[in-house]
Amino acid sequence: MKIYTSKAHECHNPPFEIFTSQEHVAYDEAPRRVESILAALGKTGWAEISEPRDFGLEPILAVHSAAHLNYLRTAYEDWRSVSPVEGMAFIPYKHSVDRETALKGDITEPDGFFMTDMTVPIAPGTFTAACASAQVALSAAQAIQNGEPSVYALCRPPGHHAGREVCGGYCFLNNAAIAAQWLSQYGKIAILDIDYHAGNGTQAIFYERADVYVTSLHADPARKYPRFAGYAHETGAGPGAGYHKNYPLPAGMDDAAYLCILEEALDLVAKYDPAYLVVSTGMDIYAGDPLGDFAITRQGIHRIGQAIARLRLPTMLIQEGGYQVDELGNNVVALLSGCLGN
Ligand SMILES: [Zn+2]
């Protein structure tokens, strides 16, 4: 299986995050996540790992606003120009409420405008890493467009919580949306999001589109992040009405219960008849993940891969979350080997 990844992810390494308390805690979305995955892939014998191609900024700007990209590019230096603390990640605590009026006003502190929460600290190399992560996704998209049956994009930072001009939930640029947007010039696209958390960014980006069908299995947002999207009644709007399908799930989902719902989601994908499938792959569904509360086993993850493969669609799998780092690599291998029919 072709696999794309970039060492540039290491440039994004915030020293801490601020979680529910005001204490600084270790940043969960850390470079060691990629190290775990690469170590496990290295033992498989079927992983062909490559550097991404550079597609430039144009395909990123097809999804994100120029203002958003410019903010990411300049935020750290702007903050450093007024802060004496070097190397520390930047975490704004004021967030915009009314985006329309905020845009018209004079934004003297833009940071909260471009962030939905405090999990997206901007370190010196964040822009570099986020752009490289998008190039990894685009390279995988091009590979399936060129005829590869299934390709894995080892993206970091992840992307599915990033909206058109907001970062959030460890995500700065929406890699899955950028890949899907690029692929959409060649046919209809389905996005299946199996991360534990609802992909609120992906949902918002394609909510009014009929040419990109989005379906997602995730923890019920009534009880878990991202709270403000991912509900069952959200089914698309305008031309996209009926082209979005959420499956909010309770705590403790086990393999059998999860796979039953996944089969229903995959049946609807098959009915939509897309040219390409993009899978937002979050391994925080795994039992024991520090950010999750499902009970999915490694065997279950393998069966998820097998179920996806049964669609027989050109498929790219994009890494999103997964924070049980010691198990992360083996879980990714379980999923991908399921996709390969191993
Ligand atoms: Zn997640």
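The values are calculated or read from the model by the stated rules, or taken from the named source; none is laboratory data. All values derive from a computational prediction rather than experimental measurement. So basically every Cβ, Gly included, is an ideal-geometry build from the backbone, and we count neighbours across all protein chains shown. Side chains are part of the model used for accessible areas, which takes the heavy atoms of the whole protein and leaves out ligands, DNA and RNA. Shrake-Rupley method; radii C 1.70, N 1.55, O 1.52, S 1.80 Å.
Here are the numbers:
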quantity	calculated
For Leu259, net neighbour charge (Lys/Arg +1, Asp/Glu -1) across residues whose Cβ lies under 12 Å away	-2
Area of Glu208 that stays accessible when all protein chains are in place (1.4 Å probe, Å², to 10)	120 Å²
For Ala123, distant residues with modelled amide H under 5 Å away	Phe90
For the chain, accessible area per residue (1.4 Å probe, heavy atoms of protein chains only), Å²	40 Å²
Cα-based shape type of region 1-46, given that a ≥ b ≥ c are square roots of the gyration tensor eigenvalues and the cut on a/c is 1.5	prolate
Zero-based 20 Å bins, Cα pair distances in the chain, whole percents	34, 60, 6
Under the span-like rule (Cα at least 27 Å along the axis, Kyte-Doolittle mean at least -0.5), DSSP H helices of the chain	126-145
Histogram of C-alpha separations across region 144-225, 5 Å bin width, %	3, 15, 25, 26, 19, 9, 3, 1, 0
Extreme residue, positive dipole direction of the chain, given options Tyr27, Tyr93, Gly305 (C-beta unit charges)	Gly305
Normalised contact order of region 285-337, rounded percent, pairs of Cα under 8 Å and 6 or more residues apart	43 percent
Whole-number Å³ per residue for the convex hull built on Cα positions in region 182-227	72 Å³
The chain: relative contact order in percent, alpha carbon pairs under 8 Å with at least 6 residues between	19 percent
Fluctuation leader among Ala179, Ala270, Ala137 - the chain, Gaussian network, Cα springs under 10 angstrom	Ala270
Computed accessible area, Tyr186, all protein chains, 1.4 angstrom probe, square angstrom	100 Å²
Shape metrics for region 110-268, restricted to C-alpha atoms - Rg then Dmax, Å	15.6, 46
Asp54 - accessible surface, heavy atoms, 1.4 Å probe, Å² rounded to 10	110 Å²
Sequence-distant residues sharing a close amide H with Ile296 (under 5 Å, placed H)	Ala287
Of Lys2/Lys43; Lys188/Lys245; Lys2/Lys188; Lys188/Lys224; Lys7/Lys43, those spanning more than 26 Å from alpha-carbon to alpha-carbon	Lys188/Lys224
